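The values are calculated or read from the model by the stated rules, or taken from the named source; none is laboratory data. If you're wondering where the values come from, they're calculated on a predicted model, not measured in any experiment. Cβ sites come from the backbone with ideal geometry, for glycine too, and all protein chains shown count toward neighbours. Just the protein is used for accessible areas: all its heavy atoms, side chains included, with ligands, DNA and RNA removed. Shrake-Rupley method; radii C 1.70, N 1.55, O 1.52, S 1.80 Å.
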Amino acid sequence: MRTFGKIVVIGAGVLALAACGEKSNTAGSAPSSSGAAPASASSSAPAAPTGKECTAEDVKTTGKFGEAPTITIPDDCDPPKKLITKDLEPGTGEGAKAGAKLQMNYSLVTWSNKQKLDSSFDRGEPFDLTLGAGDVIKGWDQGLDGIKQGARRLLIIPPDLGYGKGGNGIAPNETLVFVTDAVTVPTAKG
């Protein structure tokens, strides 16, 4: 009976940690040290390789700047192995450089299960970051370089620039697809 009680307490603790992880921003923040991830993050089996690597044009998006986007990942090509960026709306002004304090809205779909995992649009609150400071995943630091105020950018981030072995509700070796809106991009002061 004592062993059963310990298992129940440990199980409840793991579930509580997993539930907390689902509420955290996955916008590009570094993986948490808890390692707890919702079981659903890795529940689907990866698709068989097709031999053709996807491009930005293969991933379909809808919505304009400021609107929650939809992201549709194709079934007839493989996730790219390199970072892909594409401006869906160009924006105006100077492009962001390392050290810029940005405010971004985003929506994230994971490649393996083609499901939305996180969205600042749903929370109604942009995500703050300092570009190039290492406080987000490498795919964001590299992929948002040069983004302009009012731009909507598609980011397709391979695992080595994302969460690699997993974390923050992301399955191991997951390719991440973000649509990001540059809410605030500061101008350089001369």
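Counting heavy atoms of the protein chains only and a 1.4 Å probe, report the per residue accessible area for the range 40-190 as a whole number of Å².
Computed with neighbouring chains in place, this is 49 Å² per residue.
Identify the residues of the range 158-190 with backbone N under 16 Å of a label point that sits 7 angstrom from the Cα of Ala48 along the Cα-to-Cβ direction, or state none.
Backbone N within reach: none found.
On a full-extension model of 0.36 nm per residue, what is the gain between Glu89 and Lys114, subtracting their alpha-carbon distance, rounded to one decimal in nm?
6.7 nm
Counting only protein heavy atoms, what percent of the accessible surface of the range 127-184 is carbon or sulfur at a 1.4 Å probe?
Whole-percent figure for carbon plus sulfur exposure: 46.
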